[in-house]
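First up is the structure itself, then whatever we jot down about it.
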Amino acid sequence: MIARHCIITGRVQGVGFRYFTHRTAGEHNIKGWVRNLPSGAVEMCAIGDDDAMARFMDEVERGPSLAMVEHIEIRDVEPESYSGFSIER
C-alpha cells in the first residue's frame with residue numbers, strides 16, 4: 001500500500017472536482033479524503049495499492065470536464081487506516 005498527500009492547483013473548485021475524486025476513488029478502491037482549501041486548491045490524501053494508485057492519479061490529473069489541473073504537489077506519507085474515501089468540509 002502506498003499513501004500520497006496531494007495539493008492540486010488550477011481550476012479545481014466549483015467544477016465538481018471533489019465529487020469526481022470521490023467517485024473515481026471508489027472505482028479504484030482508494031481510501032482517504034479530499035477537501036477544498038481557502039487558497040482555491042484542493043487537498044487530498046489517497047491510499048491504495050500501486051496499480052490502483054497509478055490509475056487513480058492518472059484520472060485525477062485530468063479531472064472532471066470543467067476542471068483544469070495545472071499542478072499536483074505529491075508527497076508520499078505513512079499510510080493511515082480509512083474505511084472509505086470521504087469529502088471533508
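FYI, it's all coordinate maths here, none of it is from the lab. Small disclaimer: the values here were computed from a predicted structure and weren't measured. Here Cβ is always computed from backbone atoms with ideal geometry, including for glycine, and neighbour counts include all displayed protein chains.
Given a Förster distance of 22 Å, report the FRET efficiency between residue 13 and residue 74 from their Cβ-Cβ distance, rounded to the nearest 0.05. Write down the numbers at each step before the final one.
On the way: r = 19 Å, r/R0 = 0.87.
After rounding, the FRET efficiency stands at 0.70.
Of all DSSP beta bridges located in region 2-81, what percent are antiparallel, nearest 5?
Numbers: 22 of 22 bridges.
Approximately 100 percent, going by the DSSP bridge assignments.
Given a cut-off of under 8 Å on Cα pairs at least six residues apart, what relative contact order in percent is computed for region 2-81? Don't jump to the answer; show the numbers that get you there.
Working: 150 pairs, mean separation 39.3, N = 80.
49 percent.
Using only the Cα atoms of the chain, build the gyration tensor, take square roots of its eigenvalues as a ≥ b ≥ c, and label the shape rounded, prolate or oblate: rounded if a/c is under 1.5, else prolate if a/b is larger than b/c, else oblate. Intermediate values should be presented prior to the final figure.
Numbers: a/c = 1.56, a/b = 1.47, b/c = 1.06.
Taking the square roots of the gyration eigenvalues as a ≥ b ≥ c, the chain is prolate.
Any chance you could run the full-extension gain for residue 23 through residue 83? It's 0.36 nm times the residue separation minus the Cα-Cα distance, nm to one decimal.
Separation in residues times 0.36 nm, less the Cα-Cα distance, equals 20.1 nm.
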